[in-house]
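Down below is the structure, laid out as C-alpha cells.
Quick note: the coordinates plus some simple rules give every number you see, no bench work behind them. Since the model is a prediction, treat every value here as computed from it, not as a measurement. Glycine gets a Cβ as well: all are built from the backbone with ideal geometry, and neighbour counts include every protein chain shown.
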Amino acid sequence: MVIRRADGSGTTFCFTDFLSSVSPEWQRQVGKNISVNWPVGLGGKGSEGVSGLIRRTPFSLGYLELLYANKMELSLERLKIRPANS
C-alpha cells in the first residue's frame, strides 16, 4: 500500500519533483507541487499521520523526512529508481 501526505508539504514537493524528473508520464499526469492529486494510496495528515499509517499497514511504502523516520524508528530502505527509457 502506498502511504502519502494528505496535506501540502515541502517533503511532498521534493518527492514529486524527483518523480517528475525521472518519469515523463508522472510529470504529465501528476506533476510536482506541495500537494498533488495522487493516483493511488492512503493519505495521512502530517508526518505523524504518515508514520502512523506506515506502522499500521503491512507491506506499506511511504515517504518521510529522514530525521523524522529515524526518530519514529521506522524501517528504512534506499531505492534507486531509473527512468523507464534507460
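Anything in the stretch 1-35 that is farther than 23 Å from L74 by Cβ and out of contact with any Phe, Trp or Tyr (no Cβ under 9 Å at 6 or more places or on another chain)? List them, or say none.
Hits for the stretch 1-35 are S21, V22, S23, P24, E25, W26, Q27, R28, Q29, G31.
Please go through the stretch 5-24 and give me each residue that is acidic (D, E) and touching a residue at least 24 places away in the same chain (Cβ under 8 Å), ordered by number.
Of everything in the stretch 5-24, just one residue is acidic (D, E) and touching a residue at least 24 places away in the same chain (Cβ under 8 Å), namely D7.
Could you tell me whether the stretch 69-83 includes any residue that is without any contact (Cβ under 8 Å) to a residue 40 or more places away in the chain, loosely packed, with under 14 Cβ neighbours inside 10 Å and hydroxyl-bearing (S, T, Y)?
Checking the stretch 69-83: at least one residue is without any contact (Cβ under 8 Å) to a residue 40 or more places away in the chain, loosely packed, with under 14 Cβ neighbours inside 10 Å and hydroxyl-bearing (S, T, Y).
Which count do you get for residues in the stretch 9-49 that are outside any helix (DSSP H, G or I), among the hydrophobic types (A, V, I, L, M, F, W, C) and surrounded by 14 or more Cβ atoms within 10 Å (Cβ to Cβ)?
Qualifying residue count for the region: 5.
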